[in-house]
Amino acid sequence: MTRQRIDDLRRELNRHNYNYYVNNAPEISDIEFDMMMKELEALEKEYPEFDDPLSPTHRVGSDINKGFEQAMHIHPMLSLANTYSVKEVDEFVSRCREGLMGEKFRICGELKYDGTSISLIYENRRLVRAVTRGDGEKGDIVTANILTIRSIPAVIQAEDAPDSFEIRGEVLLPWKAFERLNEERAYNEEPLFANPRNAAAGTLKMQNPAEVARRELDAVFYYLIGDNLPAGNHYENMQAAKRWGFKVSEHMALLDSMEAVDSFINHWDRERKDLPVATDGLVFKVNDLKQQLNLGFTAKSPRWAIAYKFPAERALTRLRFVSFEVGRTGVVTPVANLEPVLLSGTIVKRASLHNADIIASLDIHESDMVYVEKGGEIIPKITGVDTSLREQDACPVEFVKYCPSCGTKLVRPEGEASWICPNKYGCQPQIIGRIEHFVGRRMMNIDGIGEEISQTLHDTGLVENIADIYDLTAEKLMDKAGLGPKTTARIMDGIESSRHIPFERVVFALSIPYVGETVAKKLARGVKDIDTLMTADEEQLTAIDEIGSRIAGAIREYMTNEKNIAIIERLRAAGLQMEVEATGIEGSEKLKGKTIVISGTFAHNSRDRYKEIIEAHGGKNSGSISKKTDYVLAGENMGPAKLEKATKLGIPVIDEDTFLSMISNDDK
Ligand code: IVH
């Protein structure tokens with residue numbers, strides 16, 4: 001029995017570790033995870049005969065990603081003992097007092113930032129390496145991505161900084177940047193990040209530093225390690241790090257009694273909601289470095305520190321009704337409308353129920369008392385139902401079968417969780433959604449037409465579909481839509497400028513199902529012009545990177561619909577860009593059918609330019625080496641792991657000069 005439970009817990013914890021650190025998609029809350037870990041720790045302590053050095057209790061979760069080079073940590077990156085109880089924090093203070101044999105000591109209280117940890121190594125006051133926590137002993141080298149974070153100094157100027165040192169901290173995505181990123185992802189029909197922590201971890205592991213830079217990560221530092229540190233205590237060392245150019249917590253406090261610790265907890269439990277970045281608790285550290293040394297470490301964490309975690313905020317309220325809302329792409333989303341309840345400082349009236357599967361798994365009934373939670377997420381969610389408070393004759397909530405807006409029977413595409421209204425051209429929210437999307441900032445960028453004006457233009461009959469936008473005149477906007485001269489001028493300017501927007505963005509603006517921003521770019525570059533896009537068959541489409549049969553099917557369906565064909569012809573006549581801009585590369589078929597992986601940095605052209613060159617000569621780019629790879633185009637600093645893999649698979653590794661001579665025209 002016990003053995004079985006221990007095995008189950010280990011297996012489950014390993015699986016959740018993987019979901020959290022590798023996939024950035026946790027399935028359970030931190031509290032649930034910690035509870036399981038505590039149960040396993042207790043069982044292993046009680047039954048030492050079942051202990052195992054490889055148990056998750058002896059390891060910190062791994063975030064190692066196969067695509068990055070790895071480095072050993074100079075000092076292992078341990079985690080912190082954590083608790084949800086103030087009493088256990090007090091017990092920690094008592095343990096320190098005993099451990100220090102009555103010596104006076106102070107505790108530094110600080111915020112526990114909820115991001116992903118990073119270790120930076122400086123040599124000769126220059127940043128030489130940034131490494132993720134990994135499995136605690138070795139992690140991924142992510143220096144190029146870290147250098148996109150503007151608040152991290154690459155070179156230290158301060159006189160009092162040691163030549164070499166290590167500093168550890170947390171990479172974060174501030175709330176504002178997180179919300180912006182998720183809005184973008186919603187538009188592109190990409191899965192949303194559950195919270196800023198997953199978004200930060202996911203971003204740090206991206207292979208393209210330019211995209212990382214766009215997302216605007218930030219970092220706060222909380223631990224300095226080295227031989228010649230400026231002070232003998234943590235607090236002053238952090239102040240020194242601040243002078244050297246690092247962001248450190250602005251809210252550190254030196255506490256000299258248990259009462260002071262408790263009131264620090266009470267203060268931040270209230271105030272943390274107003275911070276610009278996500279925090280999930282507080283950290284208490286013995287301040288004096290000699291005393292830290294005295295207290296030492298266990299196998300997993302320092303004895304001189306503890307993390308106090310804030311409980312996730314949860315409220316119980318009554319479900320009034322479930323409404324079903326249709327979006328631009330026809331997806332029907334269930335929304336729980338609630339009796340207003342106060343949660344993390346805001347009144348919550350609505351919460352997402354995501355899809356039919358979630359409704360079924362919650363087994364939610366009409367008028368149920370439901371638990372609403374707002375963890376790191378912006379949109380509150382229903383996490384459970386108190387069935388003991390259920391009214392006797394309550395019926396289960398059922399997902400609608402017909403579109404709540406136009407009454408059409410809903411369909412559920414095979415293998416998907418969402419129900420969709422198939423009446424694309426007759427369903428109001430879909431029509432208006434497509435107009436709004438078309439004029440959006442990252443599409444045709446027609447300034448002046450927002451949500452409200454899209455609706456007005458549609459209601460007045462001026463704009464039935466996106467092509468009608470190009471028939472608008474200043475007179476129509478003022479007389480029929482009742483817009484003022486300033487707004488009218490802005491819209492007319494926007495329409496004019498949109499004629500120069502590149503083809504890639506036109507493709508994105510069309511609202512082809514499943515074609516988000518990234519796919520639109522690849523698609524446009526793959527087909528090169530609208531005529532090819534309109535006639536390409538499945539085989540031609542799936543030959544393009546990232547386009548599988550599902551997307552190809554959606555493109556074919558869109559491009560064979562008469563209404564869409566008429567709209568595209570009118571957009572073409574209105575003067576929109578219908579082909580990709582010339583790259584200036586004279587193409588050939590020299591690389592036809594060849595798959596090439598680019599690695600490292602180059603002297604003659606940028607990596608992106610090499611990608612274009614490969615495509616112009618009929619080749620295909622790929623991000624990872626496999627049996628299908630024909631060549632690896634290797635620059636400076638190609639990773640040893642990639643080289644090893646290519647060698648193992650017998651794939652030729654060529655340098656840039658060899659590559660350029662392969663595609664050059666002077667056949668020798
Ligand atoms: S101190 C040896 N201080 O929490 C002590 N950690 O659960 C090193 N964290 O891995 C950690 N804010 O990623 C420390 N003010 C803070 C922190 C902090 C966030 C993270 C860190 C660590 C994890 C432990």
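Ranking 14, 540, 47 by how far each Cα lies toward the positive end of the dipole of the chain (charges on Cβ) leaves 540 at the top.
Ordering 82, 635, 121 by Cα displacement along the dipole of the chain toward the positive end leaves 635 in first place; charges were set at the Cβ atoms of Lys, Arg (+1) and Asp, Glu (-1).
So what is the relative contact order for the stretch 315-447, in percent, with contacts set as C-alpha pairs under 8 Å and at least six apart? Could the numbers behind the result be given before it?
Numbers: 263 pairs, mean separation 32.5, N = 133.
After rounding, I find 24 percent.
The modelled label-to-label distance for the pair residue 163/residue 395, using points 7 Å beyond Cα in the direction of Cβ, is 7.9 nm.
Calculated FRET efficiency, residue 474 to residue 147, Cβ-Cβ distance, R0 = 60 Å: about 0.80 to the nearest 0.05.
For the stretch 591-634, the spread of Cα coordinates along the three principal axes comes to 27, 20, 12 Å, biggest extent given first. With one equal scatterer per alpha carbon and no solvent term, the Debye-computed log10 I(q)/I(0) for the stretch 184-278 at 0.13 1/Å reads -0.71. Average 1/r across all pairs of distinct alpha carbons in the stretch 71-124, invert it, and you get the Kirkwood radius: 14.6 Å.
Partnerless cysteines in the chain, where a partner means another cysteine C-beta under 4.7 angstrom, comprise 96, 108, 395. The fraction of all Cα pairs in the chain landing in successive 10 Å bins from 0 to the largest distance is 3, 12, 19, 22, 20, 15, 7, 2, 0, given as whole percents. Of the residues 665, 221, 358, the one whose Cα sits farthest toward the positive end of the charge dipole of the chain, with +1 on the Cβ of Lys and Arg and -1 on the Cβ of Asp and Glu, is 665. With the Cα gyration tensor of the stretch 517-570 giving a ≥ b ≥ c as the square roots of its eigenvalues, does the rule (a/c under 1.5 for rounded; else a/b larger than b/c for prolate; else oblate) give rounded, prolate or oblate? Because a/c hits 1.5 or more and a/b exceeds b/c, the stretch 517-570 counts as prolate.
Here's the list of aspartates and glutamates a cross-link from residue 104 could span, going by alpha-carbon distance under 20 Å and ignoring same-chain residues fewer than 8 apart: 90, 91, 236, 256, 259, 262, 288. Using modelled backbone amide H atoms (1.01 Å from N, in-plane), which distant-in-sequence or interchain residues come within less than 5 Å of residue 70's amide H? Distant-sequence amide H within range of residue 70: 141. Annotation: amide H-H contacts under 5 Å for residue 365 (H modelled 1.01 Å from N, sequence separation of 5 or more, or interchain): 397. Rounded to the nearest 20, the size of the Cβ-charge dipole of the chain about its Cα centre is 500 debye, with Lys and Arg at +1 and Asp and Glu at -1.
For an R0 of 30 angstrom, estimate the FRET efficiency from the Cβ-Cβ distance between residue 269 and residue 190 and round to the nearest 0.05.
On the way: r = 34 Å, r/R0 = 1.15.
The calculated FRET efficiency here is 0.30.
Quote the Stokes-Einstein diffusion coefficient, in whole µm² s⁻¹, for the stretch 1-134, based on the Kirkwood radius over alpha carbon pairs, a temperature of 10 °C and a viscosity of 1.306 mPa s. Taking Rh from Cα pairs, D becomes 89 µm²/s.
Please list the three semi-axes, largest first and in whole Å, of the ellipsoid equivalent to the stretch 345-463, using sqrt of 5 times the eigenvalues of its alpha carbon gyration tensor. Write down the numbers at each step before the final one.
Numbers: eigenvalues 228, 79, 37 Å².
Its equivalent ellipsoid spans semi-axes of 34, 20, 14 Å.
Going from the residue with the fewest nearby Cβ atoms within 10 Å to the one with the most, 578, 444 rank 578, 444.
Taking the Kirkwood radius as Rh and the Cα radius of gyration as Rg, the stretch 377-523 has a ratio of Rg/Rh equal to 1.10.
Find the eigenvalues of the gyration tensor of the Cα atoms of the stretch 536-668, then list the square roots of 5 times those eigenvalues as equivalent ellipsoid semi-axes, largest first, in whole angstrom.
Values: eigenvalues 237, 71, 32 Å².
They are 34, 19, 13 Å, listed from largest to smallest.
Over the stretch 517-630, what is the mean sequence separation of C-alpha contacts under 8 Å (at least six apart), divided by residue count, expressed as relative contact order in percent? Before the final figure, lay out each step's value.
Values: 106 pairs, mean separation 26.0, N = 114.
After rounding, I find 23 percent.
Taking the Cα centre of the stretch 432-549 as the origin, how large is its charge dipole in debye, to the nearest 20, when only Lys and Arg (+1) and Asp and Glu (-1) carry charge on their Cβ atoms? Before the final figure, lay out each step's value.
Working: 13 positive and 21 negative charges, 84 e Å.
Computed charge dipole of the stretch 432-549: roughly 400 debye.
Cβ crowding within 10 Å ranks 117, 361 as 361, 117, fewest other Cβ atoms first. Taken over the stretch 239-386, the alpha-carbon convex hull comes to 197 cubic angstrom per residue.
Calculate the dipole size of the stretch 283-416 relative to its Cα centre from +1 charges on Lys and Arg beta carbons and -1 charges on Asp and Glu beta carbons; express the result in debye to the nearest 20. Its charge dipole is roughly 700 debye.
Measuring r between the beta carbons of residue 260 and residue 123 and using R0 = 25 Å, the FRET efficiency lands at 0.05. Qualifying GluC sites (Glu not before Pro) in the stretch 431-522, where qualification requires a DSSP coil assignment and no more than 15 other C-beta atoms within 10 Å, comprise 464. Taking all Cα pairs closer than 8 Å and separated by 6 or more residues, the relative contact order of the chain comes to 9 percent. Overall shape of the stretch 366-410 was characterised from the C-alpha gyration tensor. The equivalent ellipsoid obtained from it has semi-axes of 25, 20, 6 Å, in decreasing order.
Note on residue 540 and residue 318: the model spin-label points, each 7 Å out from Cα along the C-beta direction, lie 6.1 nm apart. Taking trypsin sites (Lys or Arg not before Pro) across the stretch 490-567, the ones in a DSSP loop with at most 16 further Cβ atoms lying within 10 angstrom of their Cβ are 499, 528.
The aspartates and glutamates whose alpha-carbon is closer than 12 Å to the alpha-carbon of residue 247, local same-chain residues fewer than 8 away aside, are 170, 218. Placing one equal scatterer on every Cα of the stretch 272-344 and applying the Debye formula, the log10 ratio I(q)/I(0) at q = 0.21, 0.26, 0.27 Å⁻¹ is -1.01, -1.09, -1.11.
Can you sort 406, 427, 421 so the residue with the fewest Cβ neighbours within 10 Å comes first?
On the way: 406 15, 427 20, 421 27.
Lowest to highest Cβ neighbour count: 406, 427, 421.
Taken together, the values in this text are just the output of simple stated rules run on the coordinates, not laboratory data. All of these numbers come straight from a predicted model, not from anything done at the bench. Reconstructed Cβ throughout: ideal geometry from the backbone, glycine too, with neighbour counts over all protein chains shown.
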